[in-house]
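J.: One structure coming up, written as structure tokens, with questions to follow.
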Amino acid sequence: MGTSESGSVQDIEMQVVEREALTDDVVRLTLRVAGTGSLPEWEPGAHLDLHLDADLVRQYSLCGDPADREAYQVAVLREPSGRGGSAHVHDVLEVGSAIRVRGPRNNFDLLGAQRYLFLAGGIGITPVLPMVAAAEKAGADWRLVYGGRSRASMAFVDELVERYGDRVTAVPQDEDGLLDLDALLSEPQDDVLVYCCGPEPLLAAVEQRCAGWPKGALHLERFAPKELAEPAAGGSFEVEFARSGVTVTVPAGVSIVDAAAEAGVDIETSCREGTCGTCESEVRAGVPEHRDSLLTPDEQEANDVMFPCVSRALSEKLVIER
Ligand code: FES
């Protein structure tokens, strides 16, 4: 994992300085700080928390140029069946709107490699944009396969094809059907890193096809939590917060974060559904029941970090660095 330490991310008061409709339902916002000064650095794959309203915080990938230290850009799809975040961005934010952001934070680091296969579905193209730019700049051998409902719905598609030519394969579903994952992934390759972002069915299909690939080859980013069965450890367990010197009992149905808050231990959260990485905590002892949508199976197995907004314990006691 490459999440920033929660202590190093910061709240930034910003302003929408540009608002551009990229498709019928995707809008790109350019944000700048009021006043002068450089924005915190970020790497491809990073996201920002946008504080849209008192109880409305949403994560959006940075899709601009990391070298631009004066502005951040995000592109947001209107999701009619969403929970209000994208509707707020589309219907309320306009040029001149003030907005607090927190971050950047990165759960989707681009590791160094000679070869990359980037797979994007729909608005999942956003974190991939700075990644392909970085891969190109580094002289890597890379390919992007980008699917969407129709060409008109696929933000950035024309500029990607124009800029990178046949490294980019656009797959509008109404013309060409779904991405041919069998052709792309059936042969495991030991010198290719696969990066994928998009809707859950695409992510699940890519995970399944990459099961036989070398460990660490596949990197995914989920915007929505994976569907999980009920926790295996249904009952209560103990958590010791090593730094605070506090131990709590976490009852069934209560999150570690909430049990911690009751005992006066504040764990910063944002999504509270195991997708954003804000609450990442180091595990000192015990075995977590990982219920996040961030860690790879190898990272979960290592048991050195966990996300206490959703994860629980398989052992009777956990000791975490809080
Ligand atoms: S608060 Fe987002 S992962 Fe825990």
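The values are calculated or read from the model by the stated rules, or taken from the named source; none is laboratory data. What you see is a predicted model; the values in this text were computed from it and never measured. In this analysis, Cβ positions are derived from the backbone assuming ideal geometry, glycine residues included, and neighbour counts consider all displayed protein chains.
J.: For the condition out of contact with any helix residue (DSSP H, G or I) (no Cβ under 7 Å at 6 or more places or on another chain) and either within 21 Å of Pro44 (Cα to Cα) or among the basic types (Lys, Arg) (or both), what is the one hit in Gly212, Gly139, Gly216? Before the answer, list the steps.
T.: Working: Gly212 fails: either within 21 Å of Pro44 (Cα to Cα) or among the basic types (Lys, Arg) (or both); Gly216 fails: out of contact with any helix residue (DSSP H, G or I) (no Cβ under 7 Å at 6 or more places or on another chain).
None of the other options fit; the residue is Gly139.
J.: Can you tell me how many residues in region 294-305 are within 8 Å of the ligand (Cβ to nearest atom) and hydroxyl-bearing (Ser, Thr, Tyr)? Outline the logic, then answer.
T.: Start the filter on region 294-305 by keeping residues that are within 8 Å of the ligand (Cβ to nearest atom), which leaves 294.
Checking which are hydroxyl-bearing (Ser, Thr, Tyr) leaves us with none.
Looking only at that region, the number is 0.
J.: Quick one: which residue in Leu185, Leu160 is among the aliphatic types (A, V, I, L, M), closer than 21 Å to Ser61 by Cα, surrounded by 20 or more Cβ atoms within 10 Å (Cβ to Cβ) and assigned by TED's automatic domain parsing to the domain that holds Ala217? First the steps, then the outcome.
T.: Details: Leu185 fails: closer than 21 Å to Ser61 by Cα.
Matching residue, one of Leu185, Leu160: Leu160.
J.: Here are some conditions: (1) away from the ligand (no atom under 16 Å from the Cβ); (2) surrounded by 13 or more Cβ atoms within 10 Å (Cβ to Cβ); (3) of a type in the set (A, V, I, L, M, F, W, C). Val250 meets all but one. Which one does it not meet?
T.: Result: Val250 passes all but (1).
J.: From Ala217, Ala260, Ala211, which residue is free of Cβ contacts under 8 Å to residues at least 12 places away in the same chain and either in the same structural domain as Val145 (by TED's automatic domain parsing) or surrounded by 13 or more Cβ atoms within 10 Å (Cβ to Cβ) (or both)?
T.: Details: Ala217 fails: free of Cβ contacts under 8 Å to residues at least 12 places away in the same chain; Ala260 fails: free of Cβ contacts under 8 Å to residues at least 12 places away in the same chain.
Unique residue meeting the criteria: Ala211.
J.: Something else now. I need a count of the residues in region 260-287 that are touching a strand residue (DSSP E or B) at 6+ places or on another chain (Cβ under 8 Å) and either among the charged types (D, E, K, R) or more than 13 Å from the ligand (Cβ to nearest atom) (or both). Spell out the reasoning first.
T.: Residues of region 260-287 touching a strand residue (DSSP E or B) at 6+ places or on another chain (Cβ under 8 Å): 260, 262-265, 267, 270-271, 275-278, 280-287.
Add one more test, that the residue is either among the charged types (D, E, K, R) or more than 13 Å from the ligand (Cβ to nearest atom) (or both), and what stays is 262-265, 280, 282-287.
So the count comes out to 11.
J.: Within region 287-302, how many residues are among the charged types (D, E, K, R) and assigned to a strand (DSSP E or B)? Steps first, answer last, please.
T.: Kept after step one, since they are among the charged types (D, E, K, R), are these residues of region 287-302: 289, 291-292, 298-299, 301.
After this cut, where a residue has to be assigned to a strand (DSSP E or B) as well, the list is 289.
Number of matching residues: 1.
J.: Quick one: is Tyr60 more than 30 Å from Ala205 (Cα to Cα), surrounded by 22 or more Cβ atoms within 10 Å (Cβ to Cβ), at pLDDT 95 or above and within 20 Å of the chain's Cα centre (by Cα)? Lay out the reasoning, then the answer.
T.: Details: more than 30 Å from Ala205 (Cα to Cα): no; surrounded by 22 or more Cβ atoms within 10 Å (Cβ to Cβ): yes; at pLDDT 95 or above: yes; within 20 Å of the chain's Cα centre (by Cα): yes.
For Tyr60, the condition - more than 30 Å from Ala205 (Cα to Cα), surrounded by 22 or more Cβ atoms within 10 Å (Cβ to Cβ), at pLDDT 95 or above and within 20 Å of the chain's Cα centre (by Cα) - is not met.
J.: Determine the pairs where a residue that is more than 16 Å from Arg312 (Cβ to Cβ), located within region 264-289, has a partner that is aromatic (Phe, Trp, Tyr) and more than 6 Å from the ligand (Cβ to nearest atom) with Cβ atoms under 9 Å apart, the partner being 6 or more residues away or on another chain.
T.: Here the result reads Val265/Phe241; Thr275/Phe223, each pair linking region 264-289 to a residue that is aromatic (Phe, Trp, Tyr) and more than 6 Å from the ligand (Cβ to nearest atom).
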